[in-house]
Amino acid sequence: MKIYFASHNLNKVKEIASIAPEGIEIHGLDELGVDQEIPETGETLEENSSIKAEYVFSRFKLPVFSDDSGLEVNALNGAPGVYSARYAGPEKDHDKNMNLLLENLSGKTDRSAQFKTVITFIDHSGSKVQFSGTVEGTITLHKQGSKGFGYDPIFLPDGADRTFAQMTPEEKNARSHRARAFEKLVTHLNTLK
């Protein structure tokens with residue numbers, strides 16, 4: 001089964017493709033010739049995820065899924081949340097985003113947070129379902145590790161002694177929010193076979 005992932009983020013496409021079960025091929029937007037960014041105009045992760053999947057399905061009528069992920073920090077009332085990728089500005093600079101987050105947490109004792117992913121899947125008939133996955137953790141005092149992307153260098157998952165950026169892709173996938181949401185999608189896909 002060939003499914004398109006409504007993303008230009010090659011890191012995310014690789015991450016999902018690496019955990020896709022046998023018989024499910026994951027392809028990115030580039031393979032459809034979509035080179036523009038899909039506007040994320042929703043106010044929630046659920047809305048943005050849905051907008052991206054509907055955009056691709058309306059143009060190509062192919063099975064597609066999209067995700068929207070955010071880091072929700074309790075001491076910041078859930079920020080950056082839906083604005084995680086552009087927290088420090090529209091250029092989506094990972095370092096600037098992390099620096100601003102660490103600055104905004106300065107002096108705060110509660111550093112608890114969660115990563116959340118919402119996946120929207122639209123099948124060949126246009127039927128839509130959503131799945132979510134979360135992982136709880138803590139924001140570290142400084143960046144640690146060089147693997148991963150986004151906020152991985154400052155996110156320490158509960159029960160771990162290393163940040164996501166210090167883990168191998170396999171270690172991260174074993175506990176990541178995206179992997180947890182994708183597992184629910186895979187369970188659903190297996191019912192369609």
Q) Within the set of pairs 6+ apart or on separate chains, which have a first residue in the stretch 93-117 that is among the acidic types (Asp, Glu), a second that is surrounded by 16 or more Cβ atoms within 10 Å (Cβ to Cβ) and in a strand (DSSP E or B), and C-beta atoms under 9 Å apart? A) 110/73
(Q) Within the stretch 118-136, take every residue that is among the hydroxyl-bearing types (Ser, Thr, Tyr) and under 23 Å from residue 43 (Cα atoms) and give me the one that is surrounded by the most Cβ atoms within 10 Å (Cβ to Cβ). (A) 120
Q.
Here are the criteria: (1) open to solvent by less than 50 Å² (accessible area, probe 1.4 Å); (2) at pLDDT below 95. Tell me which single one residue 192 does not satisfy.
A. (1)
Q. Does residue 146 satisfy being of a type in the set (Gly, Ala, Ser), touching a residue at least 40 places away in the same chain (Cβ under 8 Å) and out of contact with any Asp or Glu (no Cβ under 6 Å at 6 or more places or on another chain)?
A. no
Q: At least 2 residues that are open to solvent by less than 80 Å² (accessible area, probe 1.4 Å) and farther than 25 Å from residue 191 by Cβ in each: list the strands (runs of 3 or more DSSP E) lying fully within the stretch 1-117 that qualify.
A: 64-73
Q. What number goes with the only condition from (1) of a type outside the set (Val, Ile, Thr); (2) in contact with a Phe, Trp or Tyr (Cβ under 9 Å, 6 or more places away or on another chain); (3) at positive phi that residue 155 does not pass?
A. (3)
Q) Quick check, is residue 139 of a type in the set (Val, Ile, Thr) and either open to solvent by 60 Å² or more (accessible area, probe 1.4 Å) or over 23 Å from residue 52 (Cα atoms) (or both)? A) yes
Q: Show the residue pairs that are 6+ apart or on different chains and have beta-carbon atoms under 8 Å apart, the first residue being within the stretch 177-193 and in contact (Cβ under 8 Å) with a residue 12 or more places away in the chain, the second being assigned to a helix (DSSP H, G or I) and of a type in the set (Asp, Glu).
A: 178/15; 179/15
Q: Could you please give the count of residues in the stretch 146-158 that are modelled with pLDDT under 95 and open to solvent by 20 Å² or more (accessible area, probe 1.4 Å)?
A: 4
Q | Complete set of residues in the stretch 99-122 that are within 28 Å of residue 53 (Cα to Cα) and in contact with a helix residue (DSSP H, G or I) (Cβ under 7 Å, 6 or more places away or on another chain) | A | 113, 115, 116, 117, 118, 119, 120, 121, 122
Q) Which one of 71, 10, 76 is without any contact (Cβ under 8 Å) to a residue 24 or more places away in the chain and over 21 Å from residue 125 (Cα atoms)? A) 10
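The values are calculated or read from the model by the stated rules, or taken from the named source; none is laboratory data. Treat the numbers as computed from the prediction; the structure is a model and nothing was measured. Cβ sites come from the backbone with ideal geometry, for glycine too, and all protein chains shown count toward neighbours. Remember, those area values only see protein heavy atoms, side chains included, never the ligands or the DNA or RNA. Shrake-Rupley method; radii C 1.70, N 1.55, O 1.52, S 1.80 Å.
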